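Asks: Below is one structure. I have some questions about it.
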Amino acid sequence: MNDFKNKVAVITGGNSGIGYATAKQLKEQGATVIITGRRKEAIAKAASDLGVTSIVADQSNIGDIENLALKVKDDFGKVDILFINAGIAGLGKIEQATEALFDSIMNVNFKGAYFTLSKFIPILKDDASVVFLSSNTASMPGPGSSIYSSSKTALNSVMRSAALELAPRKIRVNSVSPGPTETEVMNKVGLDKETIKTIMDVVVDKIPLQQMGTSEDVAKMVAYLSSDASKFITGADFIMDGGMVLA
Ligand SMILES: NC(=O)c1ccc[n+]([C@@H]2O[C@H](COP(=O)([O-])OP(=O)(O)OC[C@H]3O[C@@H](n4cnc5c(N)ncnc54)[C@H](OP(=O)(O)O)[C@@H]3O)[C@@H](O)[C@H]2O)c1
């Protein structure tokens with residue numbers, strides 16, 4: 001259990017899955033937590049369930065990101081923990097790729113994450129912790145996931161540059177790269193439940209530990225990377241996938 005009393009944490013995309021689980025853990029460990037999301041009702045309900053603050057912001061929209069940073073600064077001052085988590089999945093072979101699919105994934109997962117960091121840097125406390133939510137697909141791209149895995153590989157590259165740029169302020173920047181994790185993400189890619197189950201059965205078979213990860217597993221890692229226990233860790237990517245990248 002970490003002591004995040006008097007720490008301000010901002011989590012993008014906090015109304016479900018990994019963002020929600022992390023908001024819960026950081027709040028339980030004493031942090032003042034702000035979650036963001038695009039859907040006003042969903043984010044307000046999540047915030048009320050968790051006892052945290054919600055701010056509506058589309059992380060793929062630069063204006064929204066700027067407004068978010070301003071509002072956080074006005075209402076909470078400086079930020080100790082920034083968890084850049086909002087992201088979407090999307091599948092498709094390169095030959096059939098559309099510009100719309102490319103832009104929708106890149107605009108949230110890469111451009112949005114990049115500018116969230118960029119606009120928050122001025123209001124990060126010295127010695128703050130930034131964590132990007134990447135993916136094990138950044139290290140093991142597969143057929144059908146070229147856009148998604150590229151968005152996460154790009155994020156890992158930004159993470160390493162940011163770790164160097166922000167080190168003089170003792171701000172640490174790391175990424176967490178889960179493998180298949182039980183959340184809402186796959187239900188949002190437009191496939192029916194039967195197809196998702198078939199895909200998941202195939203996926204689990206490829207994981208040496210023969211199970212999916214949970215949002216709570218990832219939340220614990222984010223809490224660790226946001227705590228003093230990890231004060232010498234920066235510029236590192238933590239793959240959490242039951243050994244999938246090795247298989
Ligand atoms: N689950 C996995 O297997 C897995 C594996 C590796 C990496 N990841 C990554 O983990 C992160 C969290 O995903 P999850 O699995 O927890 O899925 P999730 O339950 O779908 O959560 C994603 C969250 O991001 C929000 N979001 C999406 N686009 C947004 C935008 N433009 N602006 C603001 N919020 C936005 C969603 O809000 P809405 O519901 O309103 O869209 C939701 O709260 C993503 O970056 C994903 O790529 C997931």
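Where a number appears in this text, it was derived from the coordinates with a stated rule and is not lab data. Because the structure is predicted, anything quoted here is derived from the model rather than measured. Cβ coordinates were reconstructed from backbone atoms using ideal geometry, including for glycine residues, and neighbour counts include every protein chain displayed.
Asks: Scan the stretch 132-142 and give yes if some residue there is part of a strand (DSSP E or B) and without any contact (Cβ under 8 Å) to a residue 60 or more places away in the chain, otherwise no.
Replies: As a first pass, look at the stretch 132-142 and keep what is part of a strand (DSSP E or B): 132-133.
Applying the additional criterion that residues be without any contact (Cβ under 8 Å) to a residue 60 or more places away in the chain yields 132.
Yes, there is a match, as at least one residue in the stretch 132-142 is part of a strand (DSSP E or B) and without any contact (Cβ under 8 Å) to a residue 60 or more places away in the chain.
Asks: Can you go through MET221, MET200 and tell me which one is within 15 Å of the ligand (Cβ to nearest atom), aliphatic (A, V, I, L, M), in a helix (DSSP H, G or I) and closer than 16 Å to GLY19 by Cα? Let's see the steps before the verdict.
Replies: Numbers: MET200 fails: closer than 16 Å to GLY19 by Cα.
Testing whether each residue is within 15 Å of the ligand (Cβ to nearest atom), aliphatic (A, V, I, L, M), in a helix (DSSP H, G or I) and closer than 16 Å to GLY19 by Cα leaves just MET221.
Asks: Something else about it: Which residues, taken from the stretch 171-197, are of a type in the set (Asp, Glu) and near the ligand (Cβ under 10 Å from one of its atoms)? Explain how you work it out, then say what you get.
Replies: Step one: list which residues in the stretch 171-197 are of a type in the set (Asp, Glu), which gives 182, 184, 192, 194.
Once the filter is applied, which keeps residues that are of a type in the set (Asp, Glu) and near the ligand (Cβ under 10 Å from one of its atoms), the stretch 171-197 yields GLU182, GLU184.
Asks: Could you say which residue among LYS93, LYS119 is among the charged types (D, E, K, R) and under 18 Å from the mean Cα position of the chain (by Cα)?
Replies: Numbers: LYS93 fails: under 18 Å from the mean Cα position of the chain (by Cα).
Matching residue, one of LYS93, LYS119: LYS119.
Asks: Next question, about the same structure. Which of the residues spanning the stretch 2-16 are surrounded by fewer than 20 Cβ atoms within 10 Å (Cβ to Cβ) and at positive phi? Lay out the reasoning, then the answer.
Replies: Keep residues of the stretch 2-16 that are surrounded by fewer than 20 Cβ atoms within 10 Å (Cβ to Cβ), which gives 2-3, 5-6, 16.
If the condition is that a residue be surrounded by fewer than 20 Cβ atoms within 10 Å (Cβ to Cβ) and at positive phi, then ASN6 is the only one that fits.
Asks: Here is a follow-up. Residues that are within 20 Å of ASN187 (Cβ to Cβ): find the helices (runs of 4 or more DSSP H) completely inside the stretch 7-126 holding 1 or more of those. Please lay out each step first, then the result.
Replies: On the way: elements: 17-28, 40-50, 62-76, 99-106, 113-120.
It comes to 17-28, 40-50, 99-106.
Asks: Take the residues in the stretch 153-181 that are of a type outside the set (A, V, I, L, M, F, W, C) and without any contact (Cβ under 8 Å) to a residue 60 or more places away in the chain; name whichever of them is surrounded by the most Cβ atoms within 10 Å (Cβ to Cβ).
Replies: Of all residues in the stretch 153-181, those of a type outside the set (A, V, I, L, M, F, W, C) come to 153, 156-157, 160-161, 165, 168-170, 172, 174-175, 177-181.
This time we only want the ones that are without any contact (Cβ under 8 Å) to a residue 60 or more places away in the chain, so: 153, 157, 161, 165, 168-170.
On the way: THR153: 16, SER157: 11, SER161: 11, GLU165: 13, PRO168: 8, ARG169: 13, LYS170: 12.
Filtering first and then ranking leaves THR153.
A quick yes/no check of all residues on (1) over 24 Å from GLU182 (Cα atoms); (2) touching a Cys at 6+ places or on another chain (Cβ under 6 Å); (3) away from the ligand (no atom under 12 Å from the Cβ):
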residue: LYS7; (1), (2), (3): yes, no, yes
residue: GLY14; (1), (2), (3): no, no, no
residue: GLU28; (1), (2), (3): no, no, yes
residue: ILE35; (1), (2), (3): no, no, no
residue: ARG38; (1), (2), (3): no, no, no
residue: LYS45; (1), (2), (3): no, no, no
residue: SER48; (1), (2), (3): no, no, yes
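Asks: How many of the residues making up the stretch 54-90 are at negative phi, more than 10 Å from the ligand (Cβ to nearest atom) and surrounded by fewer than 18 Cβ atoms within 10 Å (Cβ to Cβ)?
Replies: Count: 11.
Asks: What are the residues in the stretch 228-247 that are part of a loop (DSSP other than H, G, I, E, B), surrounded by 18 or more Cβ atoms within 10 Å (Cβ to Cβ) and away from the ligand (no atom under 11 Å from the Cβ), if any? Outline the logic, then answer.
Replies: Initial filter on the stretch 228-247 (part of a loop (DSSP other than H, G, I, E, B)): 231-236, 241-243, 247.
Now drop any that are not surrounded by 18 or more Cβ atoms within 10 Å (Cβ to Cβ), which leaves 234, 241-242.
Result: THR234, GLY242.
Asks: Identify, from the list LEU164, LEU191, LEU155, the residue that is within 24 Å of ALA219 (Cα to Cα) and not basic (Lys, Arg).
Replies: Values: LEU164 fails: within 24 Å of ALA219 (Cα to Cα); LEU191 fails: within 24 Å of ALA219 (Cα to Cα).
The unique qualifying residue is LEU155.
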